[in-house]
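Participant: Next up is a structure, given as structure tokens.
The values are calculated or read from the model by the stated rules, or taken from the named source; none is laboratory data. These numbers come from a predicted model, not from an experiment. Cβ coordinates were reconstructed from backbone atoms using ideal geometry, including for glycine residues, and neighbour counts include every protein chain displayed.
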Ligand SMILES: Cc1cc2nc3c(=O)[nH]c(=O)nc-3n(C[C@H](O)[C@H](O)[C@H](O)COP(=O)(O)OP(=O)(O)OC[C@H]3O[C@@H](n4cnc5c(N)ncnc54)[C@H](O)[C@@H]3O)c2cc1C
């Protein structure tokens, strides 16, 4: 294998995590190749919260200027009474978030962030991202790592990073075969053009309504003149083979009929084909995010329920920390083990906290106005400056 600036990383998955990883490793002096299963690059049509910790990562990755016109900065998030819609709490965002955390709290469209990351990675070389290359196996040898694609081709490099999401194939090489856990919650989400939002339902920044057995979030994507909505409810089983299907908005609308009328009206206003239903899966925390020359990042490492709005943020943080460590640790195995020590505690804590947040936002446990991702201090983490654990030797395979 080559050494020094020519060291090569194979990254599996061109989602937000994999693309951020490519930029971070390039910044660390590595040659990168991204293998993506999908024939075409893209993201689902939905909004995305970029908390200040995510924005710090975006800044370090060098794509903040390209994101500038694709961000909406809400002045606040209000909590609304489920029955009346009256404000019952307010979390300040806007300039206060910038003063407090050194970076904004923003909303974007998932496709906006994805497009910006794709453009930045393609600027490293048109053939850096190979689409239509699903990976089915990965392995770590003494002096190289490898992956095998569905069409039987073997790719080798100094390291392999699995950024292939919830159902990661690379994860199997690190942690063995495990099935994702259906969490008992489903989400319906969609986007409404402002002029189709029912009267009184467009919040100034963002609004959250929670109570026994239901939860709904609405926020503005000002730069696209779209309102994002996501409604959650428990559902015992998930019979569909796919984890995301086109939904009849009447089904969630009926669930919200007893709450203040704007919520069900939002769901009913979504056009056929523009409301999707997602079964929410997660996994138990992993003891390690690395095995030999293989590392895991994003949902491949720590898939979590979306109730903290932090999954993509943590994927971005992973990428920055991996890049920083790869730039200063010569031995790839030791570097990946160090990366795992840096990231596993935060990733695992967030996975478990997201389960508690699911209960809080459905009427069980603490009041979400008192305990939430901000009061738990998730926003204060800056992956570009956080102290890294000391370097040490390579790991054994986790059991
Ligand atoms: C309803 C909902 C709302 C959410 N809201 C937020 C939010 O507001 N803020 C936030 O930070 N997070 C949010 N999240 C979480 C966030 O979406 C994920 O954590 C994030 O997308 C993970 O990114 P990733 O790159 O790790 O994985 P993914 O986005 O899953 O990307 C994985 C990529 O790998 C590819 N791939 C998969 N398998 C293979 C294979 N075998 N070979 C090659 N390629 C492969 C896939 O095609 C895909 O491109 C939400 C999640 C849900 C379900």
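Participant: Select from the stretch 21-45 the residues that are near the ligand (Cβ under 8 Å from one of its atoms) and not in a loop (DSSP other than H, G, I, E, B) and list them in ascending order.
Facilitator: 35
Participant: Evaluate the following for residue 61: is it buried (at least 22 other Cβ atoms within 10 Å of the Cβ) and within 13 Å of the ligand (Cβ to nearest atom)? So that I can check it myself, show each step before the final result.
Facilitator: Details: buried (at least 22 other Cβ atoms within 10 Å of the Cβ): yes; within 13 Å of the ligand (Cβ to nearest atom): no.
No: the conditions fail for residue 61.
Participant: Then there's this: Go through the stretch 361-390 and give me each residue that's closer than 22 Å to residue 216 by Cβ, touching a helix residue (DSSP H, G or I) at 6+ places or on another chain (Cβ under 8 Å) and crowded, with 20+ Cβ neighbours inside 10 Å.
Facilitator: 361, 368, 372, 373, 378
Participant: Given the criteria within 14 Å of the ligand (Cβ to nearest atom) and without any contact (Cβ under 8 Å) to a residue 60 or more places away in the chain, does residue 276 qualify?
Facilitator: Values: within 14 Å of the ligand (Cβ to nearest atom): yes; without any contact (Cβ under 8 Å) to a residue 60 or more places away in the chain: no.
No, not satisfied.
Participant: Can you say whether residue 130 is under 23 Å from the mean Cα position of the chain (by Cα) and buried (at least 21 other Cβ atoms within 10 Å of the Cβ), as far as the supplied structure shows?
Facilitator: no
Participant: Given 287, 252, 303, which one is assigned to a loop (DSSP other than H, G, I, E, B) and closer than 20 Å to residue 44 by Cβ?
Facilitator: Numbers: 287 fails: closer than 20 Å to residue 44 by Cβ; 252 fails: assigned to a loop (DSSP other than H, G, I, E, B).
Being assigned to a loop (DSSP other than H, G, I, E, B) and closer than 20 Å to residue 44 by Cβ holds for just one of 287, 252, 303, which is 303.
Participant: With respect to residue 17, is the statement that it is within 11 Å of the ligand (Cβ to nearest atom), surrounded by 14 or more Cβ atoms within 10 Å (Cβ to Cβ) and farther than 22 Å from residue 147 by Cβ true? First the steps, then the outcome.
Facilitator: Details: within 11 Å of the ligand (Cβ to nearest atom): yes; surrounded by 14 or more Cβ atoms within 10 Å (Cβ to Cβ): yes; farther than 22 Å from residue 147 by Cβ: no.
No.
Participant: If I ask for residues that are crowded, with 18+ Cβ neighbours inside 10 Å and touching a strand residue (DSSP E or B) at 6+ places or on another chain (Cβ under 7 Å), which ones from the stretch 246-259 would you list? Full working, then the answer.
Facilitator: Narrowing the stretch 246-259 to residues crowded, with 18+ Cβ neighbours inside 10 Å: 247, 249, 252-253, 255-256, 259.
Selection gives 247, 249, 252, 255, 256, 259.
For every residue, the table says whether it meets (1) assigned to a loop (DSSP other than H, G, I, E, B); (2) in contact (Cβ under 8 Å) with a residue 60 or more places away in the chain; (3) more than 10 Å from the ligand (Cβ to nearest atom).
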position: 120; (1), (2), (3): no, yes, yes
position: 133; (1), (2), (3): yes, yes, no
position: 137; (1), (2), (3): no, no, no
position: 148; (1), (2), (3): no, no, yes
position: 152; (1), (2), (3): yes, no, yes
position: 155; (1), (2), (3): no, yes, yes
position: 165; (1), (2), (3): yes, yes, no
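Participant: Of these, 305, 310, 336, which one is in contact with a strand residue (DSSP E or B) (Cβ under 7 Å, 6 or more places away or on another chain), assigned by TED's automatic domain parsing to the domain that holds residue 354 and near the ligand (Cβ under 9 Å from one of its atoms)? Working first, answer last.
Facilitator: On the way: 310 fails: in contact with a strand residue (DSSP E or B) (Cβ under 7 Å, 6 or more places away or on another chain); 336 fails: near the ligand (Cβ under 9 Å from one of its atoms).
Of 305, 310, 336, the one residue that is in contact with a strand residue (DSSP E or B) (Cβ under 7 Å, 6 or more places away or on another chain), assigned by TED's automatic domain parsing to the domain that holds residue 354 and near the ligand (Cβ under 9 Å from one of its atoms) is 305.
Participant: Does residue 143 meet the test of being more than 18 Å from the chain's Cα centre (by Cα) and closer than 30 Å to residue 247 by Cα?
Facilitator: Numbers: more than 18 Å from the chain's Cα centre (by Cα): yes; closer than 30 Å to residue 247 by Cα: no.
No, not satisfied.
Participant: Okay, next question. Checking the conditions here, which among 117, 25, 61, 50 is in contact with a strand residue (DSSP E or B) (Cβ under 7 Å, 6 or more places away or on another chain), closer than 30 Å to residue 206 by Cβ, in the same structural domain as residue 10 (by TED's automatic domain parsing) and modelled with pLDDT of 95 or more?
Facilitator: Working: 117 fails: in contact with a strand residue (DSSP E or B) (Cβ under 7 Å, 6 or more places away or on another chain); 25 fails: closer than 30 Å to residue 206 by Cβ; 61 fails: in contact with a strand residue (DSSP E or B) (Cβ under 7 Å, 6 or more places away or on another chain).
Sole residue among the options that is in contact with a strand residue (DSSP E or B) (Cβ under 7 Å, 6 or more places away or on another chain), closer than 30 Å to residue 206 by Cβ, in the same structural domain as residue 10 (by TED's automatic domain parsing) and modelled with pLDDT of 95 or more: 50.
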